[in-house]
1. To the nearest 500 deg cm²/dmol, what mean residue ellipticity at 222 nm is calculated for the chain from DSSP H runs of n ≥ 4 alone, each contributing -39,500 (n - 2.57), summed and divided by the residues?
2. Once each part is reduced to its C-alpha centroid, what is the distance from segment 269-315 to segment 340-415 in angstrom?
3. From the residues 138, 467, 279, which one has its Cα farthest along the dipole of the chain in the positive direction, the dipole being from +1 and -1 charges on Cβ of Lys/Arg and Asp/Glu about the Cα centre?
4. Tell me the relative contact order for the chain as a rounded percent, counting alpha carbon contacts under 8 Å between residues six or more apart.
5. Determine the sum of side-chain charges near residue 349: Lys and Arg each +1, Asp and Glu each -1, restricted to other residues whose C-beta is under 14 angstrom from that of residue 349.
6. Can you say what percent of the DSSP beta bridges in segment 233-379, counting only those with both residues inside, are antiparallel? Round to 5.
7. Sorting 123, 207, 466 by accessible area (1.4 Å probe), largest first, what list results?
8. Using the Cα centre as the reference, give the magnitude of the dipole from point charges on the C-beta atoms of segment 102-239 (Lys, Arg: +1; Asp, Glu: -1; all else neutral), rounded to the nearest 20 debye.
Amino acid sequence: MKYRYHFLLIAIFFIQYSIVGQEKVKKPTVIQNIDARDITSLNGLWQAIVDPLENGYYNHRYLPKEKNGYFENKKPQSPSDLIEYDFDSDIELMVPGDWNTQMEKLYYYEGTVWYKKSFDYEVKENQINYVYFEAVNYEAIVYLNGEKLGSHVGGYTPFQFDVTGKLKEKDNFLVVKVDNKRLREAIPTVNTDWWNYGGITRSVHLVSVPQSHIKDYSVQLKKNNKTQIAGWVDLENGKEGEIVNIEIPELNKKIEAKVKDGRANFSFKAKPELWSPDTPILYTVNMISQNDRVTDQIGFRTIETKGSKIFLNGENIFLKGISIHEEAPFKTGRVTTKEECRILLKWAKDLGCNFIRLAHYPHSEAMVKEAEKMGILIWSEIPVYWTVLFDNKDTYQNAENQLSTMINRDKNRAAIILWGIANETPESDARNEFLKNLSLKVRALDSTRLVTAALDTQSSAEGGKVIDDPLGEYVDVIGINSYCGWYVDEPESCAGLKWKNNYEKPMIMSEMGGGALQGLHGEKNERWTEEYQEALYEYNIEMMRNIEFMAGLTPWILMDFRSPRRHLQRIQKDFNRKGLISEQGVPKKAFYILRDYYLNENN
Ligand code: GCU
C-alpha cells in the first residue's frame, strides 16, 4: 500500500515537470512571437533631447515633475508662453540604434536622452493594442500622449504596455526617457568589458490583437522524448472550455485542446524530423483560437547530458563554437538589422561552427531565429557579470526578471540548448545562493534545456587546473573562462596544462584567446601580432585536445568589439582585439587555426 502511494506521488511529479513552462509565468512579460502579429513599426528617425541633468523629469527640488515634464511634448500656445525645450527642433536619432555611434558628441555619453515619435494610427474596433519595445538600454520610462504608461529596466529584453483606448487617429506622440547610467545595484553592474551603448537599441512596434487573443504558447518535444510533442497555449480573455487548434500541416497533425484557467494544454504523438545543425528543419505550427491565429516556425530536438557528454537527439555532439557580442560588423555599434545578424552568423559558419555563445546578454530575437535557420546551436545568457551585488534583493529580482523574460521570449527556439545564468562571478555565500536560486528558476520555467554559467574560479593544482567551484553543483554544463597564454602564463606552457573536473559533468571552454591587431605582423612572442594570437590558439588547442570531459568551446571572440576598458590607442582604440576577425571583417591568422581544428577534428 505504502509504495503504491509513493509511486503515485512520483508519477504526478513527472507528469507535471516534463514540459516547458510548467511554472505558469505569473504575468507573461510580453506577447509571444511579435513577428507573427499585426504590427506597425515605429522605427525610423525619432526626435531627441539630450538631458544630462534630467531637467525634463525632475524640478529644481529634484522631485519628479507631475506636470511640465518633457513627456508632455508641449508647444507654446501664445507668444508669451515659456517652453524651454522643443523636440521638433532638437536632434534626431535613428531607432533602432545606440546613440553613441550616431553622434560624435554622444560617443561617451551616459545619462538621459528623451526620444519622441509622432504618428497617426488607424485604431481598429474590438482590438487590444500594445506598444512593444524589443529592447531599450537601460532604464525606459514611457509616455503616450503625455500619460505615463510605465517603466522598465534591463537593456536586452523586450517589454510592452497596453495602450488600448489611449491611441488617437491623429497626432499621437510616444515619449521615452532613456537612461543608460551605470548603477552599482544594476544588472549588469558598473564595470563591463563592453561599451555601454545607450538608446532604443532594438525595434519598436504597435501591436493590434483581438480582444481575445493568443498571448503565449510553448510547443516542444517532451523532455528526452523524440515522439511526443507537448505544450500549451495561453489565451488573453479566452473562454473557459474554448477549443484551440494546434496544426502542424507537414506532420499532418491537427489537435484540439480545451482552455482551462486561460490555458489549453496538449500532448500528442508525432514523428518530426529532428532539428540539428546538419538538418535545421523547422515546421509550420498554426495555433488557432476562436478569434486569433498565430503561426510559428518551430524545430523539434532533444538535448541532455550524460556524464561529461552532451547529447543532441540522443547522439553525442561536440560543440564547435565561438563567442559573439552584439557589435555590428563594419559600422560598429549595436546590431540593428537581420543582415548584420546574418553576416556574423555566416562568419561563424565559415569558421566551421555548429554552436555560438551569445555574450553576455540576450541578443535580438532576429539573431536567435537566424541562427536557428542556419542550424547553429545557441548558449543564451543574462548579464550577471563580474561582481554584481549578490546580497541585494532588488538586484536578484532584476536578474530573475531578465532571466524569465529571456526564457519566455525564446522558449520555442530549438536552437537554444543552454541558458547561462552568470559570467566570471567571484565565489561567496551570497553569490552561491543568488546563482543557486537563478538555476532553480531556470528549471522551474524550462526543464527541457541545460543550465550553465561561465566560471573563472578554477584553482591551480600540480601542473594543472581543477574545476571545483561550488556552483558546479547547480549547473548541468560548466563553462570555463581560461586565458592561458594571455592574462596568465606563456603560450607555450598551455599545451601541457592538465585539467581535472570535480564534477561528473560536461565542461565547455566558454572563453579562451588573446588579442591581435589585424594586419600587425611579427614574431610569435610579440604581443598584439597576428602571429602571437595564432601561436596562442595552437597551444591552447593542444591543451584542449587532452581534456576528455570538454564537450565544446566558444573562444573569445568572433569579432573585435568596442570596450571602454581598452585604451591602448596604437592597438586597441577602444576595441577589445581578441576577435578572430577585425570589425572591418578581415580574418586574422588565428581564424584559420581554429577553423582547421573544427573542420578536421571532432567531426
Ligand atoms: C573576460 C570576460 C569578457 C572579456 C574577456 C577579456 O573573460 O568574460 O567579457 O571581454 O575576459 O578580457 O577580453
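The values are calculated or read from the model by the stated rules, or taken from the named source; none is laboratory data. The structure displayed is predicted, hence computed values, not measured ones. Counting neighbours? That spans all protein chains shown, and the Cβs are built from the backbone with ideal geometry, glycine included. When the accessible area is computed, the model is the full protein with side chains, heavy atoms only, and any ligands, DNA or RNA have been set aside. Shrake-Rupley method; radii C 1.70, N 1.55, O 1.52, S 1.80 Å.
1. -5500 deg cm²/dmol
2. Comparing the Cα centres of segment 269-315 and segment 340-415, I get a distance of 18 Å.
3. 279
4. 12
5. On the way: positive: 320, 342, 346, 373, 595; negative: 278, 350, 370, 372.
Net of charged neighbours comes to +1.
6. The answer is about 80 percent antiparallel.
7. 123, 466, 207
8. For this selection, approximately 320 debye.
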